[in-house]
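**Student:** Below you'll find the structure I mean.
The values are calculated or read from the model by the stated rules, or taken from the named source; none is laboratory data. A quick note: this is a predicted structure, and the numbers were derived from the prediction, not measured. Cβ coordinates were reconstructed from backbone atoms using ideal geometry, including for glycine residues, and neighbour counts include every protein chain displayed. The accessibility values were calculated without ligands, DNA or RNA, using every heavy atom of the protein model including side chains. Shrake-Rupley method; radii C 1.70, N 1.55, O 1.52, S 1.80 Å.
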Amino acid sequence: MQPGAASAVHLVLVKLPGQLQIDTAGVVAAVSIDGVARSLAPGVLTVPAGERTVSLRRSAYRRLPTTLTIQARAELHVRLQSAWGTLT
């Protein structure tokens, strides 16, 4: 390349990860994002931007999968439903 000659640069921009605040009304549950175990809820997780499948799981409770679009910040408020009952 000659000094002073024009050059082209090709850049690919990648969105920054977002913050996902998960509120489970105090019930501790395992969190997976896109099928990969990540952490425990309630709490805040750093999640890659874009459409994500978030699944919450706890023994004796129904699994709760949901799809969210993560941008800068997202919130998920859930009440886990028990998978057991009482017979009288």
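**Student:** Taking loop as defined by DSSP and a crowding limit of 15 other beta carbons within 10 Å, which trypsin sites (Lys or Arg not before Pro) in the stretch 1-78 fit?
**Tutor:** LYS15, ARG62, ARG63
**Student:** Next question. Would you calculate the separation in nanometres between label points at ARG79 and ARG63, each defined as 7 Å from the Cα along the Cα-to-beta-carbon direction?
**Tutor:** 2.4 nm
**Student:** Full-extension gain between ALA5 and ALA72, please, as 0.36 nm times their residue separation minus the C-alpha to C-alpha distance.
**Tutor:** Result: 20.2 nm gained on full extension.
**Student:** Dividing the alpha-carbon Rg of the chain by 2.2 N^0.38 Å yields what?
**Tutor:** 1.68
**Student:** Compute the relative contact order of the chain as a whole-number percentage, counting only Cα pairs closer than 8 Å that sit 6 or more residues apart in sequence.
**Tutor:** Relative contact order here is 31 percent.
**Student:** I would also like to ask the following. Find the relative contact order for the stretch 1-41 and round it to a whole percent, using C-alpha pairs within less than 8 Å whose residues are 6+ positions apart.
**Tutor:** It rounds to 26 percent for the stretch 1-41.
**Student:** Follow-up question, since we're still on this one. Using a 1.4 angstrom probe on heavy atoms only, work out the carbon and sulfur share of the accessible area of the chain in %.
**Tutor:** 54 percent
**Student:** Also, I was wondering about something else. May I ask what percent, to the nearest 5, of DSSP beta bridges between residues of the chain are antiparallel?
**Tutor:** 80 percent
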